[in-house]
Amino acid sequence: MPTAIITGITGQDGSYLAELLLAKGYTVHGLIRRASTFHTERIEHLYQDPHDPLARIVLHYGDLSDSSQLTNLFYEVRPDEVYHLGAQSHVRVSFDMPDYTGDITGLGAVRLLEAIRKSGVGCRIYQASSSEMYGDAPAPQNEQSRFQPRSPYAAAKLYAYWMVRNYREGYGLFACNGIMFNHESPRRGETFVTRKITRAVSAILAGRQKTLFLGNLEARRDWGFAPEYVEGMWLMLQQEAPCDLVFGTGETHSVREFVEEAFGYVNLDWREYVAEDPRYLRPTEVPLLLADPSEAKRRLGWEPGITFRDLVRIMMDADLEAAGLPAPGEGKRCLTDGRLAWLRKP
Ligand code: NAP
Ligand code: G4F
């Protein structure tokens, strides 16, 4: 059975992708950072005792700043596929830490590409490129749109994007860029706006928070459901030839609309709880992201099924449950890995 390496396995996407690959019979090797506390919460349910010779998930300490460990990993594991998801992935934080973001999010990808090239392992690689690279390019954005990055994060991702293309063309690597628009889930990091909102609504209901401070409410994003996007990553590496593709829903909504939907779900009037705080504004904002994902549909048959409204409700239900509160209505069912699964116990 195939073997894959996932960088960023402890992140939102890494955890869903690990689930998907294990379900497909892969052996999964994940790169994790050393920390003074455990931070493997998102993959805890997948843990297998490393003493078990049949264990199909193996974690390796390493860091995207350390090329020697990356090279060793390729010699040791000799993977068939690599999913490069590790990054300093927060756009606002990238303005505070521009050189760190360039190092990890930009150069990290190059260290990985070099490790593959030097080890001579004939594997395929997926690079987690981002719709942020479009910046303020006119919508809808597709594979032909101009890149106009507006943050250190976006510029670092764009560097990695071009290096992937260079290694594909120069060295014949099977290297793909998935240009993914925002995708969210109950496992989304707590400081990204969607999760910040759904957690706050639950905390307000539970009486633990009074106000939700936000930045720009007018920014618009193309928000999809993360488990559907990791399926797209896998499909990209199963093609006959490598290419770059856009993944998104083809719908855009403002942060304000997300707020209205989340508060509305539990019958709260958001205007009583939301306040604007300039500390969450960005020096340069990306005002409007809207995907044209028709090429991914044509080539891979990839099409997202979860709507904006469902996404808000899936996230709300999970955060209400985590706060010990009942969700309005029945438990929701949603599509993960192509199957119907309960997010909450029925
Ligand atoms: P995430 O939840 O922030 O996860 C990022 C992962 O990268 C974590 O596992 C993190 O490890 C790891 N990481 C950070 N710095 C590292 C370092 N120096 N060395 C090794 N690992 C490091 O991000 P995500 O939402 O799952 O996104 C996955 C990838 O897709 C990222 O590259 C992101 O930029 C890109 N992307 C995301 C979206 C989206 O909407 N989610 C859209 C387009 C592109 P720790 O757990 O130790 O922090
Ligand atoms: O949730 P966000 O922080 O995500 P952003 O900046 O769009 O980046 C995410 O998606 C990218 C794909 O397009 C990924 F590449 C990237 O790794 C990350 O996953 O912010 C979304 C919007 C922005 O316009 C921001 O200005 O929400 C606005 N916003 C308003 N108030 C806020 C807040 N964002 C955050 N994080 N916190 C706020 O209080």
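Under Stokes-Einstein, with the Kirkwood radius over Cα pairs as Rh, the value for segment 32-180 at 20 °C and 1.002 mPa s is 129 µm²/s. Where only DSSP H runs of four or more residues are counted, the chain gives -11000 deg cm²/dmol as its mean residue ellipticity at 222 nm, each run worth -39500 (n - 2.57). Between the alpha-carbon centres of segment 130-157 and segment 1-20 there is a gap of 25 Å. Whole-Hz Karplus values for segment 209-215 come out as 9, 9, 10, 10, 8, 10, x Hz, taken residue by residue from phi with 6.51 cos²θ - 1.76 cosθ + 1.60 and θ = phi - 60°; glycine and proline positions read x.
Each pair of Cα atoms in segment 1-78 enters the Kirkwood radius, and Stokes-Einstein at 10 °C and 1.306 mPa s then converts it into a translational diffusion coefficient of 124 µm²/s. Reported value for segment 220-301: 127 Å³ per residue, from the convex hull of its C-alpha atoms. For the chain, the calculated P(r), taken from all Cα-Cα distances in 20 Å bins from zero up to the bin holding the longest distance, is 30, 60, 10 percent. Place a point 7 Å from the Cα of Thr37 along the Cα-to-Cβ direction; which residues of segment 171-200 have their backbone N under 14 Å from it? Only 190 fall inside the zone, counting backbone N under 14 Å.
For a Förster distance of 25 Å, can you work out the FRET efficiency between the beta-carbons of Phe213 and Gln148, rounded to the nearest 0.05? The formula returns an efficiency of 0.30 here.
Full extension of the chain between Thr284 and Phe95 gives 67.1 nm of extra length, using 0.36 nm per residue less the Cα-Cα distance.
Residues whose amide H falls under 5 Å from that of Phe213, counting only those 5 or more places apart or on a different chain, are Ala275, with hydrogens built in the peptide plane. Using DSSP, restrict attention to beta bridges with both residues in segment 147-305 and report what percent are antiparallel, rounded to the nearest 5. Of all bridge pairs located within segment 147-305, approximately 15 percent are antiparallel. Close amide H contacts of Leu289 (hydrogens built in the peptide plane, cut-off under 5 Å, sequence separation of 5 or more or a different chain): Arg220, Arg221, Asp222. Take every DSSP beta bridge whose two residues both sit in the chain; close to 15 percent of them are antiparallel.
Values quoted throughout were computed directly from the atomic coordinates according to the rules given, and no laboratory measurement underlies them. Given the structure is predicted, the values throughout are model-derived calculations rather than measurements. Cβ sites come from the backbone with ideal geometry, for glycine too, and all protein chains shown count toward neighbours.
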